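Heads up: the structure comes next, in structure tokens.
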Amino acid sequence: SSFYGFRVENKAFKEDEVLKVETKVASDLPLRNPIITVMGHVDHGKTTLLDYIRNAKVVSSEAGGITQHIGAYSVQVNGATITFLDTPGHAAFANMRQRGANLTDIVVLVVAADDGVMPQTKESIKFIQNAKVPVIVAINKMDKEGVNPDKIKQELMGYGLVAEEWGGDTQFIPVSALKGTGVDNLLEAIQLQAEMMELKASPKGPAQGVIIESKIEQGRGPVATILVQSGMLNQGDSLVVGETYGRARSLVDYTGKALKSAGPSTPVQVLGLDGIASPGDTIYVVKNDREAKKVVENRILERKKLESAGKKKLSLEDFFGASDKSEKKILPLIIRADVLGSYEAIKDALESLANNEVGVNVIGGGVGAITDSDVQQAESSKGFIIGFNMRPVTTARKLAEQYGVDIKTYSIIYEVINDVKLALEGLLAPEKTEVYVGRAQVRETFNIPKIGLIAGSVVIDGRIERGCNIRLLRDQKIVFDGKLSSLKRFKDDVKEVKNTFECGIALENFNDVRVDDIFEAYKMEETKRKLESVPGSAVL
Ligand code: GDP
């Protein structure tokens with residue numbers, strides 16, 4: 001625009017103007033396929049179920065018949081398509097919830113018939129109810145002897161999930177993920193549920209999606225699995241996600257087939273981003289690479305602004321405190337998790353527990369069992385090992401015993417975070433606060449051989465205690481700050497002298513005490529400090 005012949009430029013960069021977010025009214029949009037997440041307690045059969053469905057229903061496009069593990073796959077049920085998120089650690093999922101991108105349409109809650117409701121079952125139910133996502137319960141391991149599905153229905157009723165046949169609105173499907181029995185019923189139940197939901201999205205315009213998985217592959221660079229949520233993702237599109245960007249060089253689906261484009265509810269592996277993106281982050285298509293770069297540069301700038309604004313808020317005390325303890329204490333950790341999503345979610349969450357005194361440094365690990373070299377690394381760096389749904393191999397366990405390396409295994413993310421937080425709090429220097437004890441005023445002074453100067457004083461407020469710190473005040477100025485060397489009443493050493501009583505006070509290494517000087521007694525109390533949770537950090 002021009003203003004009296006001058007060009008008026010809008011200096012403020014508006015991200016929203018670049019990332020044109022689709023906000024069309026839903027009613028005139030075409031239907032899209034449902035996205036399903038499988039949740040439940042560890043060992044209840046999530047992986048077995050997802051593997052069974054993939055093996056039975058997904059036809060590979062490759063000659064060898066090997067389907068791609070890209071973090072999601074789709075299957076056909078009665079002519080409809082349903083897409084499963086194949087990340088049973090569901091940590092990526094927790095991340096997504098945090099970022100408000102609710103991408104799951106239906107949750108399949110797997111409960112082992114021989115085990116019932118366990119901690120992660122409860123955690124899952126909490127999520128399902130908070131997010132108001134419809135749930136279908138798969139009562140798994142029905143092939144086991146003596147199991148009773150009614151017992152599971154009964155138990156889940158206590159958590160607000162009432163079976164349809166008992167007057168509620170939750171479908172309970174008995175299955176055996178191992179044998180495959182009942183799985184078709186489960187798929188039909190999902191398809192029916194999805195049909196009722198009438199999910200819609202526009203397959204037109206620039207795509208928007210969510211990162212499901214992201215990793216560096218040897219020889220290929222960063223690869224990310226994107227679940228398209230709206231619009232059409234095309235090969236060659238310029239992409240922005242978090243602080244990474246790039247061009248979609250190639251799109252590959254879960255059967256290994258190259259695609260030219262991918263519409264809503266399609267999971268697709270994308271090559272061409274310039275780094276790893278975090279699961280749960282929203283990915284946008286922008287006009288060109290230049291625009292993508294601009295968005296990322298702006299995001300980095302904004303983040304740095306926020307960071308330095310955060311720094312300014314530090315008080316002087318914080319500042320001196322920080323410069324005092326200039327050496328930050330770092331807890332070295334090795335994390336092993338069952339899936340990349342969990343590994344990244346835990347790593348992010350733990351790294352965000354840092355403040356300017358203590359922090360976590362994830363020095364190793366990844367996906368898979370805890371190995372000998374993990375233990376060796378932990379031993380040499382004086383760190384410890386966290387296994388999430390992962391145990392050490394036998395030799396590693398023995399080695400850890402031998403070295404005294406701590407291996408802690410978990411299956412619930414917030415327990416990992418809590419434990420590490422406690423460990424970090426142990427590293428925090430205790431907070432020292434001054435506690436006022438009392439004052440005494442000097443009435444006369446005596447020089448006593450071998451002892452030095454004794455000040456005959458009267459306590460005028462509070463009390464004076466042996467072992468206290470003492471400040472000597474003269475005309476409101478501090479002339480000495482140190483320790484008492486003796487506290488006497490008459491000839492006797494005493495522990496304390498109360499208000500209005502007379503006493504003799506001597507200071508350590510200080511003799512210049514004068515009449516009318518004031519002794520101020522104080523103590524330093526140490527309190528263990530808590531690690532403040534950082535706002536916006538990934539504490540799940
Ligand atoms: P996840 O931790 O929930 O992913 O559980 P997994 O799928 O890894 O299963 C844990 C264990 O239970 C494995 O040893 C499976 O073979 C076993 N399992 C899973 N489903 C069934 C089932 O339907 N019947 C029986 N008998 N075992 C099962």
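So if we plug the beta-carbon distance of K398 and K151 into 1/(1 + (r/R0)^6) with R0 = 45 Å, what FRET efficiency do we get, rounded to 0.05?
Efficiency, rounded to the nearest 0.05: 0.65.
With Cβ to Cβ distances under 14 Å as the rule, what net charge do the other residues near L473 carry (K, R +1; D, E -1)?
That sum, taken over residues with Cβ under 14 Å, equals -2.
Can you give the local net charge around G180? Use residues other than it whose beta-carbon is closer than 13 angstrom to its beta-carbon, Lys and Arg +1, Asp and Glu -1.
Net charge around G180: +1.
With the cut-off at 25 Å, tell me which of the pairs K46/K144; K450/K495; K200/K347; K122/K144; K122/K329 have Cα atoms farther apart than that.
Pairs exceeding the cut-off: K200/K347; K122/K329.
Sort H69, H41 by heavy-atom solvent-accessible area, probe 1.4 angstrom, most to least. List each step's numbers first, then the result.
Details: H69 110, H41 20 Å².
Accessible-area ranking of H69, H41, largest first: H69, H41.
Going by average Cβ neighbours within 10 Å, how do the peptides 349-357, 293-301 rank, with the highest at the top?
Output ranking for 349-357, 293-301: 349-357, 293-301.
Note the direction-averaged projected area, equal to a quarter of the hull surface, for the Cα convex hull of the range 113-217, in nm².
Quarter of the Cα hull surface area: 10.1 nm².
Could you check the simple spin-label distance between E525 and R249, using points 7 Å along Cα→Cβ, in nm with one decimal?
So the two model labels end up 6.3 nm from each other.
How many angstrom separate the Cα center of the range 34-55 from the Cα center of the range 362-417?
Value for the Cα centre distance between the two parts: 26 Å.
Suppose R0 equals 35 Å. What FRET efficiency, 1/(1 + (r/R0)^6) with r the Cβ-Cβ distance, do N361 and L453 give to the nearest 0.05?
It comes to 0.05.
Hull surface divided by four, with the convex hull built on the Cα atoms of the range 409-496: how many nm²?
Dividing the Cα hull surface by four gives the mean projection, 10.2 nm².
Using a Förster radius of 35 Å, what is the FRET efficiency between T81 and K305 based on their Cβ-Cβ separation? Nearest 0.05, please. The partial results should precede the final answer.
On the way: r = 44 Å, r/R0 = 1.26.
The value I calculate is 0.20.
What distance in nm lies between label points placed 7 Å from Cα along the C-beta direction at T409 and I330?
It works out to 2.9 nm between the two label points.
Please sort 261-267, 484-490, 235-241 by packing, taking for each peptide the average over its residues of neighbouring beta carbons within 10 angstrom, highest first.
Working: 261-267: 23.6, 484-490: 16.0, 235-241: 21.9.
Result, highest mean first: 261-267, 235-241, 484-490.
Grab the Cα-Cα distance for I216 and D143, subtract it from 0.36 nm times how many residues apart they are, and report the gain in nm with one decimal. Walk me through the intermediate numbers first.
Details: separation 73, 0.36 × 73 = 26.28 nm, distance 3.97 nm.
Answer, rounded to one decimal: 22.3 nm.
With θ set to phi - 60° and the Karplus curve 6.51 cos²θ - 1.76 cosθ + 1.60, what are the ³J(HN,Hα) couplings of the range 186-197 in order, to the nearest whole Hz, using x for Gly and Pro?
Whole-Hz 3J(HN,Hα) from phi for the range 186-197: 4, 4, 5, 4, 5, 5, 4, 4, 5, 4, 5, 7.
On a full-extension model of 0.36 nm per residue, what is the gain between E434 and E351, subtracting their alpha-carbon distance, rounded to one decimal in nm?
Numbers: separation 83, 0.36 × 83 = 29.88 nm, distance 3.25 nm.
Here the answer is 26.6 nm.
Given 0.36 nm per residue, what is the gain on full extension from D419 to D492 after removing their alpha carbon distance, in nm?
21.2 nm
The values are calculated or read from the model by the stated rules, or taken from the named source; none is laboratory data. If you're wondering where the values come from, they're calculated on a predicted model, not measured in any experiment. Note: ideal-geometry Cβ built from the backbone for every residue, glycine included; neighbour counts use all protein chains shown. SASA here: full protein model, heavy atoms, side chains in, ligands and nucleic acids out. Shrake-Rupley method; radii C 1.70, N 1.55, O 1.52, S 1.80 Å.
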